[in-house]
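The next block holds one structure in the form of structure tokens; read it before the comments.
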Amino acid sequence: GDAKPHVVASDTQVVESNGEWVTVDCWGNCGGRCINRVFVQDGVVLRQKTDDAPDDTVEKPQQRSCPRGHSLRQHVFNANRAKYPLKRKSWQPGGGENAHGELRGEEGWERISWDEALDYVASELRRVYDGYGPRSVVCMGTDWPVLNMLGGRLQWNGTESYGNWYNAPVRMGGELGNGLPDCMLTNDRLDLQNADTIVFLGMNPAWHSAGNPMYYYRLAKEAGVEFVIVGPEYNVSASALEARWIRVRPGTDTAFFFAVAYEMIRLDKEQGDVIDWDFLHRYCVGYDAESMPENASVDENFQSYVLGEYDATPKTPEWASEICGTPVEDISWYANEMRKSRNVMLLHNYAPSRYRGTVDLAQLFLTVACMGGHLGRSGNAVGATFSIESANSGTKLVKVGAASKGGSAKNTLEYSQLPKPTIWRDMDAGHYIGYGDYRNGPVDNGYSEPKEFDFDPKIIVNDFHNPLQATEDINTGIKVFKKMDMVVNLDYRYTLTGQYADILLPCFTAWEGNLDAEQGELDVATNGPMRMSRAQCNRDLAIFPRPVTMPLFESRNEDWIYSQIAERLDLDPSVMFPISNMQAYFDKFQTAEYLDPEDGATYKR
């Protein structure tokens, strides 16, 4: 009865006090690259807001941040922060029974100093590398370049983000726009409004790109564009845009698009003006007998296959409907919508290709677009709309500076990639099949010869990822973790993977650092997932954030952590980081570029 309500000062009283608004980093992997601003006083963030300075126009919209970006305040100042170096109570170096691996995930922690933590990690790395070799160390994070200086390491190799959209088109000579497959190939936000129809293949931008991208789609809707969503669910985005739903069972999109191609061929024969034959014969190869390349090794073409001339199975809507569950009338409607006289944008977000048996989906999605001639002209496009390209693709108008500090510590271990879908099973069995590195481009005409390896994993290191939670077969994953001699987790938060580690190394976030020499040593987060990189730039603008608070608790920059481990192993940290964090931070500003508005081709600083 004596409790009194908590009284909070008004926003006006707060922002008129002795503080400042600062543009901060947003490391959400969503796509808007929005402006996220915080009001900071004495290193404490009191309020957040979005971009509200310029006038909000269609040509130059405010870069509004979303709740995901605003939640980062809870990431940075969270009670669940990894605050100090910790060691699992019973773990001891030396491997075997000393590790007490059976207690991983079940017992508590003891706080240790940074010197103790780094000494443990360095000594165990030296022991395992000397005794078992580089294939006994598995890196499940992003960097750990110090391991490369020791002879390399195994690392996971997965396409859970891109699925077969990365593997198939890239190995066949496709584009990697901004490092992402099939990106920077569609049209910009203004041209969305020139389409008659926009197709979403397995997309939900209201969730995955909740800043300006969804706003751009809404403007297209208001301009009269019809939206179509192809996928197993009618999601929030479809509802918001009043999209027509073409239902397709997961993993069966290939059958659906074969039937669409069949219907386009049928409709073109019956009505004409559906297939853009001029486009197919001018810009494509392999569609029909007339467009086969001279050096083709087989006498087969796409159209004849669709018509069933090779397997006596025409890919009719009735045939496809049994597989994909799509009503026959929906397949026919979709095929008619793809006719060359309509302006159609076919956009995807990789999700449909994250299934077994989707190797052909990427080429097939493009083929249907080519059949209607939906490339290279206003209101027409085909490609990914993902991450920083979401709803606003095409040639960048601005670029941030160099995204790397240029170290030469590269992983040179041959066949170092563990296939991610089977990683726990392979580590448990001590045997894996290497297929090469899918990210490093074509090898031997696009494929590496598989090679088998026996190995004896002893150490797992991880940074920022949460592999136990995010990788299938978690029970086998826990079994593998408990078999290790040492597990090290580098992160700013406590995760399930951290729970099963032995040594926890706390790093700071991109909101932390120091740009004031009077406050101590200068430092910013410029490497790893916290780096200022291509992600700090959408098509229209570059964002240059800065830290707002000193590193919290005993958290450290991950570059410092790797450098300290290297020194303990008598290795030269400058091989990893030839320039300082502050120099890399400055270079982002100094080497930023903009597209010359006069010629639209060259970049200037």
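The values are calculated or read from the model by the stated rules, or taken from the named source; none is laboratory data. Bear in mind the structure is a predicted one, so any value in this text is a computation, not a measurement. Heads up, the Cβs are rebuilt from the backbone with ideal geometry, glycines too, and the neighbour counts pull from every protein chain shown. Keep in mind that these areas ignore ligands, DNA and RNA; they rest on the heavy atoms of the full protein, side chains included. Shrake-Rupley method; radii C 1.70, N 1.55, O 1.52, S 1.80 Å.
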Under a 1.4 Å probe, counting only protein heavy atoms, LEU201 has an accessible area in Å², nearest 10, of 0 Å²
Taking the Cα centre of region 53-104 as origin, work out the dipole magnitude from +1 charges on Lys and Arg Cβ and -1 charges on Asp and Glu Cβ, in debye rounded to 20.
340 debye
Setting aside same-chain residues fewer than 8 positions from LYS315, which aspartates and glutamates have a Cα under 18 Å from its Cα?
ASP253, GLU263, ASP268, GLU270, ASP288, GLU300, GLU329, ASP330, ASP360
So what J values fall out for region 188-203 if you push phi through Karplus, 6.51 cos²θ - 1.76 cosθ + 1.60 with θ = phi - 60°, rounded to Hz, Gly and Pro as x?
7, 4, 6, 7, 3, 6, 8, 7, 8, 9, 10, 9, 9, 9, x, 10
Taking placed amide H atoms and a strict 5 Å upper bound, the residues 5 or more places from GLU226 or on another chain that come that close are THR197, ILE198
The distance between the Cα centres of region 326-394 and region 237-287, in whole Å, is 8 Å
For the chain, the charge dipole (Cβ of Lys, Arg +1; Cβ of Asp, Glu -1; about the Cα centre) points to a positive end, and the Cα of ASN18, GLN363, SER161 closest to that extreme belongs to ASN18
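What is the calculated FRET efficiency for GLU106 to ALA517, with r their C-beta to C-beta distance and R₀ = 41 Å, to the nearest 0.05?
On the way: r = 46 Å, r/R0 = 1.13.
Working from the Cβ atoms, E equals 0.35.
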Determine which lysines satisfy two conditions relative to LYS604: a Cα distance under 29 Å, and not lying fewer than 8 residues away in the same chain.
LYS60, LYS396, LYS399, LYS405, LYS588
Could you please put TYR283, TYR217, TYR262, TYR594 in sequence from largest to smallest accessible area, using a 1.4 Å probe?
TYR283, TYR594, TYR262, TYR217
Square roots of 5 times each gyration tensor eigenvalue, C-alpha, region 449-605, largest first, Å
34, 22, 17
Under 17 Å from a point 7 Å along the Cα-to-Cβ line of ASP572: which residues of region 380-419 have their amide N that close?
406-410
Convex hull around the C-alpha positions of region 340-420: the volume in Å³ per residue is 166 Å³
Per residue of region 547-557, what does 6.51 cos²θ - 1.76 cosθ + 1.60 with θ = phi - 60° give for ³J(HN,Hα)? Whole Hz please, x for Gly and Pro, Karplus curve as stated.
x, 10, 8, 5, x, 7, 6, 10, 5, 10, 5
Among the lysines, which fall within straight-line cross-link reach of LYS420, defined as a Cα-Cα distance under 27 Å, with same-chain neighbours fewer than 8 residues apart omitted?
LYS410, LYS451, LYS458, LYS479, LYS482, LYS483
Going from most exposed to least, what order do VAL121, VAL15 have by accessible area with a 1.4 Å probe?
VAL15, VAL121
Whole-angstrom Cα spans of region 287-436 along principal axes, big to small:
53, 47, 38
Suppose each label sits 7 Å from its Cα in the direction of the beta carbon; what would the GLU309-ASN475 distance come out to in nanometres?
5.2 nm
Within region 546-581, find all residues whose amide N lies under 20 Å from a label point positioned 7 Å from the Cα of ASN78 along Cα-to-beta-carbon.
547-558
Solution diffusion estimate, µm²/s, Stokes-Einstein, region 196-273, Kirkwood Rh from C-alpha pairs, 10 °C, viscosity 1.306 mPa s:
115 µm²/s
Net length gained if the chain between LEU190 and GLU242 were fully extended (0.36 nm per residue, minus Cα distance)
16.7 nm
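Based on the alpha-carbon gyration tensor of the chain, what equivalent-ellipsoid semi-axes (square roots of 5 times the eigenvalues) come out, in whole Å, largest first?
So the equivalent ellipsoid measures 45, 33, 22 Å along its semi-axes.
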I'd like the Karplus ³J(HN,Hα) series for region 276-286: coefficients 6.51, -1.76, 1.60, θ = phi - 60°, whole numbers in Hz, and an x wherever there's a Gly or Pro.
8, 5, 4, 5, 4, 7, 8, 10, 10, 10, x
Could you check the spin-label model distance between LYS49 and ALA601? Points 7 Å from the Cα along Cα→Cβ, value in nm.
4.4 nm
Compute the distance in nm between two label points, each set 7 Å from the Cα along the Cα-to-Cβ direction, one at PHE586 and one at GLN271.
6.4 nm
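Could you look at the chain and say what percent of its accessible area is carbon and sulfur, using a 1.4 Å probe and all protein chains?
In the chain, the share of accessible area belonging to carbon and sulfur is 48 percent.
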With every protein chain kept in place and a 1.4 Å probe, the residues THR602, THR358 fall, from largest accessible area down, as THR602, THR358
I'd like the accessible area for VAL285: 1.4 Å probe, protein heavy atoms, all chains in place, Å² to the nearest 10.
110 Å²
How much length is gained on full extension from ARG282 to THR12, taking 0.36 nm per residue of separation minus their Cα-Cα distance?
90.9 nm
Subtracting the Cα-Cα distance of SER378 and GLU97 from 0.36 nm times their residue separation yields 94.5 nm
Which residues qualify? For GLN48, with a placed amide H closer than 5 Å and at least 5 residues away or on another chain, they are PHE39
Measuring with a 1.4 Å probe in the full set of protein chains, what accessible area per residue, in whole Å², belongs to region 1-143?
52 Å²
Give the long-range amide H neighbours of THR326: residues separated by 5 or more places, or on another chain, with amide H under 5 Å away, using H modelled in the peptide plane at 1.01 Å from N.
ARG249
